[in-house]
Amino acid sequence: MLTEIERRELEDAVKHYPEKRGAAIDALLTVQRHRGWISDESLLDIARFLEITAEDLDSIATFYNLVFRKPVGRHVAFVCDSISCWIKGCEQVQEQIKNLYDIDLGQTTSDGRLTVLPIACLGHCERAPAMMIDQDVYGQVTPEKMEIIMEKYK
Amino acid sequence: MNNERPLTQHLHPNGRPRLLREYVSTGGYGSLQKLAAGMVPKDVQRLVGEAGLRGRGGGGFPTGTKWSFVPMGPDASKPKYIVANGDEMEPGTFKDRILMEGDPHGLVEGMIMAGYALDAEVGYIFLRGEYHLSAQRLNQAIAEAYAEGYLGKSLPGTTFRFDLHLHSSAGRYICGEETALLNALEGKRAVPRAKPPFPQTVGLWGQPTIVQNVETLYNIPHIINHGVEWYHRLSRTKDGGTKIYGISGRVTNPGWWELPLGTTAREILDRHAGGMADGIGFRGLLPGGISTSFMIEEHLDLPLDFSSFPPDVGRLGTGTMIILDDQTCPVGFVLNLEKFFARESCGWCTPCREGLPWVAKLLTAFEEGRATRDDLSLLDMHTKWLAPGHTFCGLAPGAMAPLQSALKYFREDFERHIMIGGCPWSKKSAQQRVLV
């Protein structure tokens, strides 16, 4: 069941489109913001609201890398691995995350604090290497800076 | 020559956004007053056509020509749509973000005027999901524009009313392809559509639709305010206007600069980016994102525009350059690009879905010292069979541009990988060679 708040937000989103399903991404991201990820149950709730089948909605949900169909940690670190960041050492950034938290790309720490994922070019190439934690972007990330940055995300 | 920098001259160096009052104080929303003075949609179309505005998203298609395919007049199917393509996911490209974060109202005004020109009453800004700061600022600008009556009410002296919505996406490079973008907006899986029909006649929900890059839209109010001649004087080349160029890689000052269209790569690299970083040598560059071909030393004095590139040099793309330096392995560089393309392929057509991972696998073999001469021929083969005409959309042909040109300019580096059985740039293989 969608909560009252979720339902209200979804009703606002569908107003922007001539067909309800136009709001599919808005709806998935809205529910994800409240619940952390999109479970099968969430998928059904949203599909019912949009008046499409769950299978149809899943073909959209599974297409996008920012829609999580598996649980993630309290925080998600996205490490840019595109060319400008690769030249400037994104592999060391990934390495440092592994050293600090003992997780590889795609994994979550055992205490549920952090998930780390690769991401396509974040568009901060002039400040490479870049990473995004939740919604905050950091540029010129070094292994030393990373420890300080991560203090904010407990 | 006109030294103005209309798109960025008012931006705050500290990145603070310009909101309504400030935007209006520097002439913002001035183009709307031209409507009250009697400018009709045909006039706007004519100005944009004569200004020589060409699409800044990478294609360089003349905007006026694109608009001319949209059905006009009382019999035209309604509603018509304007979509801003803000799905800036081309690696190495960050120019639209600078504009949307710093001057969100410029996009709103550009969309209103494009809408007016085409009698399209609804607009969507399709924004990549990772641009949270842009989303926040655009939402604020849209709310301000509604409150002020620029959106949602008849524009002064006209019966035209424009509504604008922000659509934040959820990743995936293919959404930047205009027909995949339309599917995404309709809440469908974002695979490209067959063309024809083209979106100008059959687009969003089957209605006439123009999809336009963000930077392109920012140019429109300035053309309307200052006229065609002024716009041509901004440029050094036959197409009008300025261009936001950028540089990333191992240069002294990576960054972006709004410069006359037709500025050369050498000038941007030496004068604006301060040259290569200390002790680092130049080998080549991709002129505008990773779907463009490598340019080498001999190309650095070509004007970076949409009409000066000889066919064998390829195309400008987005104008944000990525530098290949002499401390970086060209094969490893191209492997990074092809892994990106393989990951971002939507999977709809077989050559792209199967071919790109194969290319990435072959390049990995070069880096790991397992490649043979046959693998080099296989790479050559892919550049032919993933070329335009063999795939459903432009993603795979785009992926072949850097590969094909790397095989041309850096072939001896590919051969060295085969010869020494590893990557000459890798520390690990250097140690192994010493041990041997």
- Note on the structure: Between residue A:35 and residue A:140, the two model label points (7 Å from Cα along the beta-carbon direction) sit apart by a distance in nm of 4.3 nm
- Task: Pick out, from B:157, B:219, B:286, the residue whose Cα sits farthest towards the positive end of the charge dipole of chain B, with +1 on the Cβ of Lys and Arg and -1 on the Cβ of Asp and Glu.
- Result: B:157
- Query: What are the aspartates and glutamates whose alpha-carbon lies under 13 Å from the alpha-carbon of residue B:427, with same-chain residues fewer than 8 places away excluded?
  - Reply: B:367, B:368
- Note on the structure: Rounded to 0.05, the calculated FRET efficiency for the beta carbons of residue B:298 and residue B:205 at R₀ = 51 Å is 0.55
- What's the FRET efficiency of residue B:427 with residue B:136 using the Cβ-Cβ distance as r and R₀ = 60 Å, to the nearest 0.05? 0.90
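Could you report chain B's accessible area per residue, 1.4 Å probe, as an integer in Å²?
Here the per-residue accessible area is 37 Å².
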- For chain B, with the dipole built from +1 on Lys and Arg beta-carbon atoms and -1 on Asp and Glu ones, taken about the Cα centre, which of B:318, B:207, B:396 lies farthest toward the positive end? B:207
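Here are some pairs, B:42/B:188; B:339/B:384; B:42/B:195; A:20/B:42; B:195/B:408; B:34/B:153; which of them have Cα atoms lying more than 23 Å apart in this structure?
B:42/B:188; B:42/B:195; A:20/B:42; B:195/B:408
If the only charges are +1 at each Lys and Arg Cβ and -1 at each Asp and Glu Cβ, what is the size of the charge dipole of chain B around the Cα centre, to the nearest 20 debye? Mind dumping the intermediate values first?
On the way: 45 positive and 46 negative charges, 98 e Å.
Dipole size: approximately 460 debye.
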- Message: Just to confirm the number: angle between the C-alpha axis of helix A:40-50 and the first principal axis of chain A, 0 to 90 degrees, nearest 10?
- Response: 50 degrees
- Could you name the lysines whose alpha carbon sits less than 20 Å from that of residue A:145, not counting residues in the same chain fewer than 8 places away? A:88, A:98, A:154
- Once both labels are modelled 7 Å past Cα along the beta-carbon direction, what's the residue B:121-residue B:75 spacing in nm? 2.1 nm
- Item | Cα convex hull of region B:72-119 - mean projected area over all directions, nm² | 4.1 nm²
- Those aspartates and glutamates that a straight Cα-Cα span of less than 14 Å connects to residue A:152, excepting residues fewer than 8 apart in one chain: A:134, A:136
- Query: Going by a ≥ b ≥ c, the root eigenvalues of the Cα gyration tensor, does chain B fall in the rounded group (a/c under 1.5), the prolate group (a/b larger than b/c) or the oblate group?
  - Reply: prolate
- Would you calculate the separation in nanometres between label points at residue B:148 and residue B:40, each defined as 7 Å from the Cα along the Cα-to-beta-carbon direction? 2.8 nm
- Report the relative contact order of chain B, percent, no decimals, based on alpha-carbon pairs under 8 angstrom and at least 6 residues apart. 16 percent
- Task: Measure nothing but the geometry: give the 0 to 90° angle between the long axis through the Cα atoms of A:4-14 and the longest principal axis through the Cα atoms of chain A, rounded to 10°.
- Result: 90 degrees
- Over region A:4-61, what percent of the accessible surface lies on carbon and sulfur atoms, probe 1.4 Å? 49 percent
- Three-way shape label, region A:4-61, alpha-carbon gyration tensor, a/c 1.5: oblate
- Taking 1 over the mean of 1/r across every pair of different Cα atoms in region B:330-435, what Kirkwood radius in Å do you get? 13.9 Å
- Rounded to the nearest 10 degrees, the helix A:24-35 long axis (Cα) sits at an angle to the longest Cα principal axis of chain A of 70 degrees
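Could you size up the charge dipole of region B:114-195 around its Cα centre, putting +1 on the beta carbon of Lys and Arg and -1 on that of Asp and Glu, and report it in debye to the nearest 20?
It comes to approximately 300 debye.
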- Task: Quick one: give the max-minus-min coordinate of the C-alpha atoms of region B:20-233 along each principal axis, largest first, in Å.
- Result: 44, 39, 35
- Task: Using a/c under 1.5 as the rounded threshold, could you call region B:242-334 rounded, prolate or oblate? The axes a ≥ b ≥ c are square roots of the C-alpha gyration tensor eigenvalues, and prolate needs a/b larger than b/c, oblate otherwise.
- Result: oblate
- Query: How many percent of all Cα-Cα pairs in region A:75-150 sit more than 21 Å apart?
  - Reply: 14 percent
- Report the antiparallel proportion of the DSSP beta bridges in region A:75-150 as a percent, rounded to a multiple of 5. 55 percent
- Message: How shielded is B:122-132 by partner chains, expressed as the average number of their Cβ atoms within 10 Å of its Cβ atoms?
- Response: 4
- For the protein assembly as shown, the fraction of alpha-carbon pairs in successive 20 Å shells from zero, as %: 20, 55, 24, 1, 0
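The values are calculated or read from the model by the stated rules, or taken from the named source; none is laboratory data. The shown structure was predicted, so the numbers you read here are calculated from the model rather than taken from an experiment. Positions of Cβ are generated from backbone atoms using ideal geometry, with glycine treated the same way; all protein chains shown enter the neighbour counts. These area figures cover heavy atoms from the full protein model, side chains too; ligands, DNA and RNA do not enter into them. Shrake-Rupley method; radii C 1.70, N 1.55, O 1.52, S 1.80 Å.
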